[in-house]
Amino acid sequence: MQLTFAKMRGLGNDFILLDWLDIQHSLNPSALALKLCHRHYGIGADGLMVLTTRGSCFQMRIFNPDGSEAEMCGNAIRCGGKYLWEQGYTRASSFSIDTLSGRKHLSLDIAGNKVRQITVDMGKPEFSPARIPVNLDGDSVIARPLPIDDHRSIPITCVNLGNPHCILFGDNDPCLLGPKIEYHSLFPARTNVEFVTVLGKNEIDVRVWERGVGETLACGSGACAGAIAAYLNDYTTRKVKVHLVSGTLNVHWQQDQHVYMTGPATLVFKGRIDC
């Protein structure tokens, strides 16, 4: 059979979007992700996004290239919001999408018939080690040592923002430390890893090693996690510009503890593929 898809990206973090809002498929999204996300044998993407409906609300599921399902993806949900509005599924400039990590609210900046920017309420971060999860005691994990090998430990800050994140500061190589930390025994569900360089009180650089993906050009929840960790470690204010490899997101951790992320999304192309 032939499968219709859209290829979308959020700052270079690219996704294969399957529009299953008006149809039902017996296809396995996890198996499709393994096949379609491959850069050489498939379409190629950092993840497979499936849009469906759940009652009266839109629903997004996101699968990594290794077939595992992620709880949430900030760049993907911006792409989903743009697609839903521009394809006519909604005319509202503000609406919600259900994810495995809960319902997320989106606000769209619309000019003419195009969505320019999307702001996502990413919810409140979780700091309890059991909720991240990370196998450490205490109420939070802020600047605590992570053993890398017999001779080296690195200070880490951990947060869950719909999915688990481990943040490091300083000059570290994501491709060297990323896989070591993702699969570290302290993280029972594995973890995303953010490598943060502080540029000023309102500005940081972030490189991301995504769980189940590898290093990516951008990560929305990772950008938010980096911003939260920078504030918790007294490097920045609550409102920062987050520079990723392929662009910039604006992140604001407000006093009500909700984290708001603003950035673009782009439709790259549409197509069909045999499955």
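The table below gives the values:
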quantity: Residues located in the stretch 250-275, provided they are at pLDDT 95 or above and more than 18 Å from Lys124 (Cα to Cα); calculated: Gly263, Pro264, Ala265, Thr266, Leu267, Val268, Phe269, Lys270, Gly271, Arg272
quantity: Residues within the stretch 257-275 that are under 26 Å from Trp85 (Cβ atoms) and charged (D, E, K, R), tallied; calculated: 2
quantity: 1 or more residues within 23 Å of Pro264 (Cα to Cα), out of contact with any Gly (no Cβ under 8 Å at 6 or more places or on another chain) and free of Cβ contacts under 8 Å to residues at least 60 places away in the same chain: qualifying strands (runs of 3 or more DSSP E) within the stretch 1-58; calculated: 13-19, 47-54
quantity: Subset of the stretch 161-185 [small (Gly, Ala, Ser) and surrounded by 22 or more Cβ atoms within 10 Å (Cβ to Cβ)]; calculated: Gly162, Gly178
quantity: Residue that is nearest to Pro65 (Cα to Cα) [pool: residues in the stretch 196-217 that are touching a Gly at 6+ places or on another chain (Cβ under 8 Å) and without any contact (Cβ under 8 Å) to a residue 60 or more places away in the chain]; calculated: Gly214
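The values are calculated or read from the model by the stated rules, or taken from the named source; none is laboratory data. Given the structure is predicted, the values throughout are model-derived calculations rather than measurements. As a convention, Cβ positions derive from the backbone with ideal geometry for all residues, glycine included, and neighbour counts pool all protein chains shown.
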